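What follows is a set of notes on a single structure, which appears directly below.
The values are calculated or read from the model by the stated rules, or taken from the named source; none is laboratory data. Predicted model, so just to flag it, every value in this text is computed and none were measured. As a convention, Cβ positions derive from the backbone with ideal geometry for all residues, glycine included, and neighbour counts pool all protein chains shown. With ligands, DNA and RNA removed, areas are computed over all heavy atoms of the protein, side chains included. Shrake-Rupley method; radii C 1.70, N 1.55, O 1.52, S 1.80 Å.
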Amino acid sequence: MAVILTASHLRKHFGPEPVLSDVSFQIREGDKIGLIGPNGCGKTTLLNILAGREESERGEIEKPNDVLIGYLEQRPQIAEGVTLRQEARSALEHLYAIGKEAEQIAERLADQRDPVEHERLARRFDRIHEELARKDAYNLDYRIDRILHGVGFTDEEFDRPASSFSGGELNRLGLAKLLLAEPEIMLLDEPSNHLDLAATEWLEQFLAASSAAVVLVSHDRYFLDRVTNRTLELYFGTVDEYPGNFSKYTTLKDERLLVQTRTYEKYVEEVEKAKDFIRRHHYGMKAAQAEDRRKKLARLEEEPVDPPRKISTPEFHFPPASRTGDIVFRVDGLSKGFDRPLFRDLTLSIERGQRWAILGPNGCGKTTLLKCLLKEIEPDSGQVQHGQGVKIGYFDQHLHLLDDALAVVEAIRPEKKVFEDLARRKLLGSFGLTQDQQLQTVASLSGGQRCRAALAKLSASDPNVMVLDEPTNHLDLWARAALERAIRSFDGTVLFISHDRYFVDRTADHLLIIQPNARFQVIEGNYSTFRDRVAKGLMADPFLAGALDEPRKNPPKNSGSAADSRSRRKEPPQKEPPKKNPPKKKGFSKPSGAESGASRASMPPVPPKKDYSRSEAQHQWEKELNAGKKSAGGAKRKRKFPYRKVSDIEEEIFIRETRVMELNEELLKPEVVRDGEKMKRINQELTEEQEKIKQLYEHWEEASELNW
């Protein structure tokens with residue numbers, strides 16, 4: 001593909017050390033580039049230079065004149081009195097102007113009698129028509145509505161003054177304008193900020209299908225995986241390029257780092273040997289050899305080997321948790337609302353050692369629910385009970401638990417605990433805060449540094465229950481991975497809110513999903529389990545507007561058919577009722593995140609246990625569904641498979657899914673990746689196992705219905 005932008009030897013200082021020292025790369029048509037690097041490495045500075053908002057001290061950027069660069073405005077300027085739709089429409093003013101010119105030329109052609117002028121106008125009209133067709137300018141109003149809906153706006157908001165929206169909503173409007181303008185190169189700095197999961201997934205699909213080149217800065221690993229096909233690592237002022245998305249980058253990075261480390265160690269060893277030989281034989285019988293070694297040393301020092309590009313990863317950790325009762329939180333009939341109900345009749349129990357993630361659309365009341373569980377907000381009805389010996393550590397997304405006026409090393413000191421200065425410094429160091437940063441005031445820290453300090457204070461308080469509200473905000477990719485490891489190794493209970501799907505996938509073993517109708521759903525599993533259930537029609541997607549209706553509390557006795565049940569839940573008609581998953585075997589957990597790879601999408605969902613907490617609404621839903629199964633047609637279905645006990649089928653499902661997990665882990669090993677024959681053999685076995693699992697689920701459904 002043609003190169004549409006070349007950056008050569010860019011350099012930029014913001015102090016004694018350069019932020020960018022020697023950055024060079026190319027952008028080709030249709031490239032989807034992920035720009036990654038630790039916090040403060042200069043990613044936003046590089047985007048500003050590419051967009052022409054800042055000047056580089058050295059180097060140059062070359063691109064054709066007709067290549068348009070669009071940059072996502074973080075704080076767009078909005079004129080007073082302009083509606084949301086009008087502001088979005090302004091991104092397409094040039095197309096509206098061309099369309100108006102086409103109308104004027106058409107009118108002039110109808111009255112033109114001069115053949116020469118008629119020919120000139122006709123050629124101009126043809127060029128304009130081709131441009132409008134190429135830009136799909138005959139469907140502009142549809143495009144505006146589609147993209148505004150995609151980033152999360154509703155029809156009711158289209159005619160509201162744009163100035164009345166919040167900062168996060170204006171950022172979404174800026175993203176919509178950029179997508180509408182369709183420049184040849186899009187520069188996106190954290191575009192998924194302020195987007196809920198539905199809008200984020202829509203944006204992933206839009207960017208992946210767009211013909212524009214994209215340079216994307218994001219800390220969302222799923223977003224990077226699903227959009228990008230190249231990765232640029234910015235570190236210590238230079239760029240290292242990798243083919244593929246973020247998951248591919250992590251694999252190649254480990255391999256490249258191993259080679260760099262060995263090469264550098266060999267270089268250092270040769271230098272040290274040469275220096276030692278010269279020092280010992282500078283005078284004497286081997287003086288001539290020493291002179292040769294001196295020349296060799298000079299050549300080595302003229303072309304030094306760069307040290308490995310190893311990005312330091314902090315080692316977050318939380319102390320061992322003291323024991324609590326078996327039940328940590330018992331919630332019974334909890335309801336809360338303000339101008340509208342947020343959640344109601346919430347009933348569940350959270351047990352010791354579990355890790356729960358709370359998911360739901362923006363504004364559904366996730367933070368309010370946390371504060372009700374912490375007894376900081378009084379619910380409208382219902383009650384919350386804390387278990388025996390519970391000691392809660394709360395991470396507030398606004399980081400109010402730190403005193404801005406104190407030095408960091410003092411701000412993390414917990415109350416009523418002897419915590420020596422040296423121990424506090426070691427703790428801060430494990431969270432990636434260096435000596436100089438430890439002595440700064442909290443107010444002077446960056447967002448990422450402040451977040452790490454808050455996590456360090458949480459660790460210092462020795463909680464056995466951690467309640468975290470958006471703990472990954474402001475953390476870079478490496479710090480998020482460290483936090484994941486720390487939470488997975490924590491032996492206490494964790495309850496958290498996060499929009500980072502990869503983080504939820506890697507840490508949660510239970511999901512509490514707040515739905516738009518103020519009800520809720522409990523799922524045993526992680527984010528992949530949830531998306532699998534939505535994809536298979538086992539539950540509605542709570543992030544889609546209008547996906548759920550209010551469930552009936554007392555359905556008529558004679559209206560329990562499967563069709564009626566589906567219509568109340570706004571699900572499409574199905575030939576067979578949805579599958580009811582068999583109980584999950586203890587000790588088995590489904591692989592998540594990048595560990596499963598593409599093959600995970602074709603795997604059946606992990607069967608949930610029967611004994612998790614449910615709301616009355618869920619009991620009612622299952623009651624209606626079972627009634628529909630019994631009354632639909634009145635006749636038994638014919639057997640497709642031979643008779644077999646349900647428990648035997650469940651046992652085989654467990655064994656085969658365990659084998660699938662083992663095969664997925666095999667595929668990630670470097671020695672397997674390099675062995676084409678072994679890769680082929682494992683993939684073939686994986687396909688066979690997945691096909692057998694699919695048949696077993698059908699057999700299990702038949703046996704569950706007919707083995708009575």
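Some points to look at:
- The C-beta contact set for the stretch 386-410 (first residue on the phi < 0 side of the Ramachandran plot, second residue part of a strand (DSSP E or B) and surrounded by fewer than 18 Cβ atoms within 10 Å (Cβ to Cβ), distance under 7 angstrom, 6+ apart or interchain) comprises Gly387/Ile327; Asp404/Thr441; Ala405/Thr441; Leu406/Thr441; Ala407/Thr441.
- Given (1) out of contact with any Ser or Thr (no Cβ under 8 Å at 6 or more places or on another chain); (2) closer than 27 Å to Glu233 by Cα; (3) open to solvent by 40 Å² or more (accessible area, probe 1.4 Å), number of the condition Ile311 does not satisfy: (3)
- Selected residue (criterion: surrounded by the most Cβ atoms within 10 Å (Cβ to Cβ)) from residues of the stretch 10-29 that are assigned to a loop (DSSP other than H, G, I, E, B) and at pLDDT below 90: Phe14
- Count - residues of the stretch 264-275 that are of a type outside the set (Ser, Thr, Tyr) and out of contact with any Lys or Arg (no Cβ under 9 Å at 6 or more places or on another chain): 6
- Only one of Val331, Val305 that is of a type outside the set (Phe, Trp, Tyr), assigned to a strand (DSSP E or B) and touching a helix residue (DSSP H, G or I) at 6+ places or on another chain (Cβ under 8 Å): Val331
- Of the residues making up the stretch 368-404, those that are hydroxyl-bearing (Ser, Thr, Tyr) and part of a strand (DSSP E or B) are Ser381, Tyr394.
- Within the stretch 418-465, tally of residues that are surrounded by 12 or more Cβ atoms within 10 Å (Cβ to Cβ), part of a loop (DSSP other than H, G, I, E, B) and aliphatic (A, V, I, L, M): 2
- All positions within the stretch 234-291 that are free of Cβ contacts under 8 Å to residues at least 60 places away in the same chain, of a type in the set (Phe, Trp, Tyr) and part of a helix (DSSP H, G or I): Tyr264, Tyr267, Phe277
- Leading residue by the ranking (nearest to Ala88 (Cα to Cα)) among those in the stretch 100-142 that are hydrophobic (A, V, I, L, M, F, W, C) and in contact (Cβ under 8 Å) with a residue 40 or more places away in the chain: Leu140
- For the residues Glu415, Glu410, the requirement of being open to solvent by 70 Å² or more (accessible area, probe 1.4 Å) and part of a helix (DSSP H, G or I) singles out Glu410.
- Within the stretch 334-360, the residues that satisfy the criterion of being over 18 Å from Val467 (Cα atoms), in a strand (DSSP E or B) and either at pLDDT 95 or above or open to solvent by 50 Å² or more (accessible area, probe 1.4 Å) (or both) are Pro341, Arg344, Asp345.
- Taken over the stretch 450-469, the residue count meeting the criterion of being touching a residue at least 60 places away in the same chain (Cβ under 8 Å) and out of contact with any strand residue (DSSP E or B) (no Cβ under 6 Å at 6 or more places or on another chain) is 5.
- Failed criterion for Gly152 (all others in (1) part of a loop (DSSP other than H, G, I, E, B); (2) farther than 20 Å from Thr200 by Cβ hold): (2)
- Count of the stretch 175-201 residues, restricted to those that are in a helix (DSSP H, G or I), at pLDDT below 85, open to solvent by 10 Å² or more (accessible area, probe 1.4 Å) and under 18 Å from Ala88 (Cα atoms), is 1.
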